[in-house]
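In what follows, a single structure is set out as structure tokens and then discussed.
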Amino acid sequence: MIPVAFGVDRAYILQAHVVMLSILKNSKENFVFYIMTADNLQDDINSLTNEMNEYRERYTIKTIKIQEDIFEDAVINCKHLSKASYNRLLLAKYITEWDKCIYLDCDLLVNGDLKELYEKKIGDNYITGVLDCHIIEDSERNKIHEKCVGLASRDTYVNAGVLILNLKRIRQDNLTSKFMEQVFKENWYEDQDVLNKCCYGKVGIIPLKYNLFHFYQGKTIKLLKHLKYTEEDFDFDSDRPFVLHMGGVYKPWNSKNYKGANTWWKLAEAFKQNPLYDEWAKKCEDNMANMDIRYLINKCRNYNKVIIWGFTNNGKQICDALMNNGLGNICSFCDNDSRHSNQFYRNIPVKQFNEVSTTSEEILWIISCQKSFDDVKQQLENYGVNRQCIEHYKHKGAMYYRVLSPDKYYSEIEQMVISEYGEENLNEKVIEMDEKLKRYDKNTVDLFNNRYRLTDWLYA
């Protein structure tokens, strides 16, 4: 029997079961799955486990109900996380019948036999995991993070999505109380910072294959070669790592265009009779439609006026795409930064918010801000703008392109062509663009590399 724990709320209960299914399909071992939650999830768990009858002899699910408000004042800096992430800090307190256990995030797929991971020698380390590639990078931001959180070093900083926890040693040294003290101090990366700070000096390291982010699945793994990994770390099939971790906001249930999504949705089909499946499938479909540039173009055609919020590179990029598709109804940019007042882009003025009429149902607002979208949306709604008249232009940065599944490259080239040249004679233009990019036409690559990050996907 192998114990595996998850920190879950209702938003991720389907995802937790998909991870369990990936575990059971790749192992002949028996498992006890612990679901640590502050929510009332038993009905959901019962209905979802009904769809896993094929494996019912090989697993048990135990729900651990934790105090609802225990992490009420804990800070969440990463918007895609929930406070259920902090639940893993309490594992040693609640799972007393085991000396060690595996902890897994719910945004991953297990492709190997988990027995192999469980049998790793952990010595007297509190936690054992994979070095976090985004933290060990020698960047100025990471140096500031190290100083602010009070980390002695980032050299053994592991990602908390896949961990072997030495529950016995954590209990012996009363480490859970230290975790709880650190929770309410400065932590940039939530409970992951808590674990790495409190366990420093007793953190075991295992190879990269046990927790590979999907940004680096396949050929993009070479983007990690400059980091402090060993040769052993790269001695595996990067197309099918032992654990594929679909981190950040690029989840398979948000878009089927991402690496790992095909496998995730095939597994999720086991729960097709459950309402949660339909709920996530609809969200995914809507989100994919919103990411298609044609969605914004068509919506803009239904309004007399369009205002782009944010006089930034992103704002200018969506302005170019709309105008390249024949839209001449962009009346202004809007920005809270007064330094942009009286500037123009393609003869379109930049105005302050108080200079623009906000209540007209004939105006479509496109917010080009990425991190501050929710704040700007709230500001507009507070001034009477109907939420149906607000759209978000989601900029595609380096991480988006790195996580793009190779079988979706042609569709992404189509999006490029629409943005740059419009939809007229689209098929011919896409074929021409695809051919130029395949033979590395230097003029074409130089023209589009910066805007579409070609070196992060096509030429990675």
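All of the numbers you see were taken from the coordinates with simple rules; none came from a lab. What you are looking at is a predicted structure, and each value in this text was computed from that prediction instead of being measured. Note: ideal-geometry Cβ built from the backbone for every residue, glycine included; neighbour counts use all protein chains shown.
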Please give me the summed charge of the neighbours of R346: other residues whose Cβ is under 10 Å from its Cβ, Lys and Arg +1, Asp and Glu -1. 0
Amide H proximity to A5 below 5 Å, modelled H, separation 5+ or other chain, gives Y34, I102, Y103, L104
Can you divide the C-alpha Rg of the stretch 398-456 by 2.2 N^0.38 Å and report the result to two decimal places? 1.06
Can you tally the net charge around L24? Count Lys and Arg as +1, Asp and Glu as -1, for every other residue whose Cβ sits under 13 Å from the Cβ of L24. 0
Taking the convex hull of the Cα atoms, report for the chain its projected area averaged over all directions, in nm². 24.0
Could you point to the residue in Y345, A152, I297 farthest towards the positive end of the chain's charge dipole, with +1 and -1 charges on the Cβ of Lys/Arg and Asp/Glu respectively? A152
With the 8 Å Cα cutoff and a minimum separation of six or more residues, the chain has a relative contact order in percent of 12
Please work out, to two decimal places, the log10 of the ratio I(q)/I(0) at q = 0.13, 0.18, 0.22 Å⁻¹ from a Debye calculation in which every Cα of the stretch 268-375 carries one identical scatterer. -0.56, -0.89, -1.21
Arrange the following residues from fewest to most other Cβ atoms within 10 Å of their Cβ: D278, D113. D278, D113
Contact order normalised by length for the stretch 292-392, with contacts defined as Cα pairs under 8 Å and 6 or more residues apart; what percent is it? 30
Point-charge dipole on Cβ atoms (K/R +1, D/E -1) for the chain, about Cα centre, debye to 20: 560
Can you compute 3J(HN,Hα) from phi for each residue in the stretch 174-180, using the Karplus curve 6.51 cos²θ - 1.76 cosθ + 1.60 with θ = phi - 60°, rounded to whole Hz and x for Gly and Pro? 6, 6, 4, 5, 5, 4, 5
Please list, in order along the stretch 213-220, the HN-Hα scalar couplings obtained from phi with the Karplus expression 6.51 cos²θ - 1.76 cosθ + 1.60 (θ = phi - 60°), rounded to whole Hz, x for Gly and Pro. 5, 5, 4, 10, 6, x, 5, 6
I need M52, M1 ordered by Cβ neighbour count within 10 Å, fewest first. M1, M52
Summed residue charge, Cβ within 11 Å of N40's Cβ, Lys/Arg positive, Asp/Glu negative: -3
Let me check against my output: what whole-number percent is the relative contact order of the stretch 89-212, with C-alpha pairs under 8 Å and at least 6 apart? 41
The stretch 329-399 - Rg and Dmax from Cα coordinates, angstrom: 12.5, 37
Could you tell me the distance between the Cα centroids of the stretch 268-300 and the stretch 196-249, to the nearest Å? 30
What list do you get for H392, H214 if you sort them by fewest beta carbons within 10 Å? H392, H214
F213 long-range amide H proximity, modeled H, under 5 Å: H245
Give a residue-ordered list of calculated ³J(HN,Hα) values for the stretch 194-204 (Karplus: 6.51 cos²θ - 1.76 cosθ + 1.60, θ = phi - 60°; whole Hz; x for Gly, Pro). 4, 5, 5, 6, 6, 9, 3, x, 9, 10, x
Using just the helices of the chain, give the 222 nm mean residue ellipticity in deg cm²/dmol: DSSP H runs with n ≥ 4 each add -39,500 (n - 2.57), and the total is spread over all residues, rounded to 500. -10500 deg cm²/dmol
Looking at C389, N254, P406, which one has the Cα that reaches farthest to the positive end of the dipole of the chain (charges on Cβ: Lys, Arg +1; Asp, Glu -1)? P406
Rounded to the angstrom and largest first, Cα extents along the principal axes for the stretch 297-452 equal 51, 30, 29
